[in-house]
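Below: the structure, in structure tokens.
The values are calculated or read from the model by the stated rules, or taken from the named source; none is laboratory data. Treat the numbers as computed from the prediction; the structure is a model and nothing was measured. Glycine gets a Cβ as well: all are built from the backbone with ideal geometry, and neighbour counts include every protein chain shown.
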Amino acid sequence: MSQADWKYMFKAVQDNDADILNYYIQQGIDLNFQHPEYFTSALIESIRLGHHRITQILLENGASPDICEVESDKTARQIAEELNNKDAIRLINFYSGTNASPQEPHFNSNKSLNQNMKAVICTKYGPPEVLEIREVAKPEPKDNEVLVRIVATAVNSGDVRVRGLAVEGWMKWMMRLIIGFSGPRKSILGTVYSGIVERAGSKVSSFKTGDKVFGMTGFSFGTYAEYITVKERGNIAFMPKNASYEEAASLIFGGQTAIHFLEKAGIKERKTPKVLIIGATGSVGTAATQIALYYGADVTAVCSTQGKEIVENAGISQIILYDKEDFTKQENRFDIIFDAVGKTSSKQCKPLLNKGGIYKTVGGTEVASESREQLEFLKELYEKGLLKAVIDKIYPMNQIVEAHRYVDTGRKKGNVVLKISD
Ligand SMILES: NC(=O)c1ccc[n+]([C@@H]2O[C@H](COP(=O)([O-])OP(=O)(O)OC[C@H]3O[C@@H](n4cnc5c(N)ncnc54)[C@H](OP(=O)(O)O)[C@@H]3O)[C@@H](O)[C@H]2O)c1
């Protein structure tokens, strides 16, 4: 074990990240080591932070509650008592056998610790090569959650942005604050999934074992993995009956983003609106063109020559090829301009708007919000044949690095699917 490894393990304790902690435990890290720069132990840090699950994992794996911290010369037991941290005291008593009437603590991790799963882990920001496949603890559903065996996920533009911390200026600091300082706090990336309910918590009534579901986890991430637990009332719905797992996984990211922005632009309220979609060939763009057509819009699309066929296949005939023509020079005017790739500015596009028209872009500060209603809407459109899945490539899980490299180009057409299991 190197001191650098210990620092990563300690960071997992601070970030409350059981997956990474378990990884270092499996590598045989010394949990009682005190790093010369830190003057404390992992166990004491978890007690101070109130990370009970982490405290339990550490105790279960041999961290001693009776070793003195260099800084205060107090043991973990004394510190837990001083802080009146009753959960930590109960755990210490339980694992050191001093509980008068031994009682299982509520953080029952035994089941998940003994059953592992494969996941793609990202412990620091960087190029695709920072991603690694590791064995981590399989999650346990709470009473109000379902355990989903993931069959497919997608590698989206958002995932590669997070992995590479690919944002400009002050946004970098904002992102570090929200997602994690030196690497993502939630080390398993991925936000969309399709799969099968393996187990439902005791209070779950809408889903049962065997149901095919799809959904979005947003900033909770976690879908580059064989399993995930999801709240019954979360962003989860039954999969479209006629979709494969790959198709279902590819509908979500672009679909939910496109619904958000087009609805904010008032597409539902406008009668046969004239809509310009810039960047019609990405995940968001391919969904946006189809959804706009569903609402009866007269759609014009901006794409490259390479993407023309995809746009034509979606039923669009008014196409401006941005590598041949400047779309801002056209005579047409629009009720909605949606930049689905974030390459334009409002100043550039405003002259193309009709009176009362609106410009929306994925490239500004507005962040799409996701809901179960959007998923149900996508399911309905897909089942009625009004929405098609646009899949560029499918990679197996062990080619996650190649998949990220491809999405990093910013030139994928539609969606890149990551197949997790059969
Ligand atoms: N604000 C939000 O809440 C939100 C939500 C989701 C996504 N986003 C952002 O939205 C952007 C698009 O996401 P995505 O997942 O759809 O991306 P994507 O799937 O990676 O697609 C990019 C597509 O845009 C095309 N493109 C590149 N440059 C273009 C240009 N100048 N004009 C027109 N088309 C161009 C590319 O094809 P060619 O190179 O062949 O043209 C490619 O097909 C990303 O930056 C993402 O971060 C924001």
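Here's a check for you: in the stretch 352-365, which residue that is part of a strand (DSSP E or B) and within 13 Å of the ligand (Cβ to nearest atom) is nearest to the chain's Cα centre (by Cα)? Walk me through it before giving the result.
So the first thing to find is which residues in the stretch 352-365 are part of a strand (DSSP E or B), and the list is 353-361.
Then keep just the ones that are within 13 Å of the ligand (Cβ to nearest atom); that gives 360-361.
Working: 360: 24, 361: 21 Å.
It comes out as 361.
Looking at 56, 26, which is the one that is touching a Pro at 6+ places or on another chain (Cβ under 9 Å) and within 15 Å of residue 137 (Cα to Cα)? None of the others qualify; the one that does is 56. Where helices (runs of 4 or more DSSP H) sit wholly within the stretch 1-99, those with at least 1 residues that are within 29 Å of the chain's Cα centre (by Cα) and not assigned by TED's automatic domain parsing to the domain that holds residue 136 occupy 3-14, 18-26, 42-49, 52-60.
Out of curiosity, is residue 368 hydrophobic (A, V, I, L, M, F, W, C), part of a loop (DSSP other than H, G, I, E, B), touching a residue at least 24 places away in the same chain (Cβ under 8 Å) and within 9 Å of the ligand (Cβ to nearest atom)? Considered against the rule, which asks whether it is hydrophobic (A, V, I, L, M, F, W, C), part of a loop (DSSP other than H, G, I, E, B), touching a residue at least 24 places away in the same chain (Cβ under 8 Å) and within 9 Å of the ligand (Cβ to nearest atom), residue 368 comes out as yes.
Looking across the stretch 392-422 at every residue that is buried (at least 19 other Cβ atoms within 10 Å of the Cβ), of a type in the set (Val, Ile, Thr) and not in a helix (DSSP H, G or I), the one that is farthest from the ligand (Cβ to nearest atom) is identified as 420. Within the stretch 207-225, how many residues turn out to be surrounded by 22 or more Cβ atoms within 10 Å (Cβ to Cβ) and of a type in the set (Gly, Ala, Ser)? Looking only at that region, the number is 3. Taking the stretch 314-351 as the range and being in contact (Cβ under 8 Å) with a residue 12 or more places away in the chain and in a helix (DSSP H, G or I) as the test, the residues that pass are 327, 328, 346, 348, 349, 351. From the set of residues in the stretch 11-33 that are hydrophobic (A, V, I, L, M, F, W, C) and more than 18 Å from residue 188 (Cα to Cα), which is surrounded by the fewest Cβ atoms within 10 Å (Cβ to Cβ)? Applying the filter and picking the extreme gives 33. With respect to residue 277, determine if the residue is in a strand (DSSP E or B), touching a residue at least 40 places away in the same chain (Cβ under 8 Å) and within 18 Å of residue 420 (Cβ to Cβ). No; evaluated as a whole, the condition is false for this residue. Selection over the stretch 346-359 of residues that are farther than 21 Å from residue 268 by Cβ and surrounded by 13 or more Cβ atoms within 10 Å (Cβ to Cβ) gives a count of 4.
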